[in-house]
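Let me begin by presenting the structure, written as structure tokens, before commenting on it.
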């Protein structure tokens, strides 16, 4: 058995792992990356980028289908499935190649292909070789899609986000299990491309929207395009024609394929975490400090989707940088507001303090999309903005179901991070007519329009 020493080991070469490697190396640490797969980012390969390419095609189809509302007559919409999927994969592969190039740019003597497992709290085995770091071990192994066992009778018809973008056709009918961001985005996209889509979720919320008012607005808007079966668990069996039969109390449907979007648990099984001595939570994930990503008082850190905390790309990248900085003796930066976007139309956006965590004396401002001039001009009437502040008016966060909600969310996130109060937020140069004026309306609703300069 060979032994090798270094300063930092990074397990996993996805978004968090690559940022951890680059940060540790920039800080002068002798850093080794261990990767058992091809390297690169889930986002570019099977996540946010191919989904946005599909959403872009679906949006184009939707605009054509709705052109008549504006006095513009378009020929009946026809979708060339082969051309659609070819573009999705071509552009996806271009994005993915750029990230993989970053991985392969790591010098060969700092990049080990293989599966890592803990040999103790301060060393890792890769095959028969032991690696002993002087400063820290960073777990950045990502997550994997979960396929419920209840789908086993029709497993050959089940896709996840890792396989759905390899289709060569569009089904006539499909079911989506899970009303999280992945399920909602793809459900709406396929519906806009002419697929009959039914979405199931045992809960009564979509996209994790904890604010009941925003959740209701989102359900109302999305329900025009996708059949939503919330609070429903369906049983899957094989139909006589070979398709999938989904049954629930009060109904059933037959579909050509099923998209399982029921969660992405951390990929930690192969690590033999028991040997690390770390405290694990009820799900088997190491307990860690969200600010430093350090696990307990050990020299082990966990970043990205592997820690199941804020599983979005910007947090994975920042988490990798934070873990590497702290592991090599630096200080953790300030925490940023929570920020998540579901890229449906309307965009569903959550920023900062969640509704369920608001103080009892929180102040909430509301603005309806139907009251916004720009949205009305664009033919959009459904949606809601809810802006949160504490008793003194300092902004805490927001829940948004609105067109261009992704941009509104960035403005709120910046304001929350800067400690801005609602009065100052309202008294900004909000150009007219823009969707951004919804934020001014919500801020004025908190402080009262008479207290804001007009």
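Report the antiparallel proportion of the DSSP beta bridges in the chain as a percent, rounded to a multiple of 5. Taking every DSSP beta bridge within the chain, about 55 percent pair in antiparallel fashion.
The length gained on full extension between residue 254 and residue 130, counted as 0.36 nm times the residue separation minus their Cα-Cα distance, comes to 39.4 nm.
For a modelled paramagnetic label at residue 220, 7 Å from Cα along Cα-to-Cβ, the residues of segment 346-380 in reach, with backbone nitrogen under 13 Å, are 367-371.
Under the definition of Cα pairs under 8 Å and six or more residues apart, what whole-number percent is the relative contact order of the chain?
Working: 975 pairs, mean separation 71.6, N = 454.
16 percent.
For segment 1-95, the square roots of the Cα gyration tensor eigenvalues, ordered a ≥ b ≥ c, give a/c of at least 1.5 with a/b greater than b/c, which places it in the prolate category.
Just check segment 133-252 against the gyration tensor rule for me: Cα atoms, a ≥ b ≥ c as the square roots of the eigenvalues, rounded for a/c under 1.5, and otherwise prolate or oblate depending on whether a/b exceeds b/c. Judged from the Cα gyration tensor, segment 133-252 comes out oblate (a/c at least 1.5, b/c at or above a/b). Label zone (residue 3, point 7 Å along Cα-to-C-beta; backbone nitrogen cut-off 13 Å) within segment 263-281: none. Taking each DSSP H run with n ≥ 4 as -39500 (n - 2.57) and averaging over every residue of the chain yields -9000 deg cm²/dmol at 222 nm. Fully extending the segment from residue 434 to residue 314, taken as 0.36 nm per residue of separation minus the present Cα-Cα distance, adds 40.5 nm. DSSP finds beta bridges in segment 149-260, and of those with both partners inside it, around 40 percent are antiparallel. Our summary gives segment 1-56 a relative contact order of 35 percent, counting only alpha carbon pairs under 8 angstrom and 6 or more residues apart. Looking at the square roots a ≥ b ≥ c of the eigenvalues of the Cα gyration tensor of the chain, which shape do they give, rounded for a/c under 1.5, prolate if a/b is larger than b/c, or oblate? Verdict is oblate for the chain. Computed from the C-beta positions of residue 56 and residue 376, the FRET efficiency with R₀ = 25 Å rounds to 0.55. Between residue 105 and residue 238, the contour length at 0.36 nm per residue exceeds the Cα-Cα span by 43.1 nm. Ranked by how many other Cβ atoms sit within 10 Å of their own Cβ, fewest first, the residues 318, 155 fall in the order 155, 318.
Every read-out reported here was derived from the displayed coordinates using simple, explicitly stated rules and does not represent laboratory data. A quick note: this is a predicted structure, and the numbers were derived from the prediction, not measured. Neighbour counts run over all protein chains shown; Cβ positions are idealised from the backbone, glycine included.
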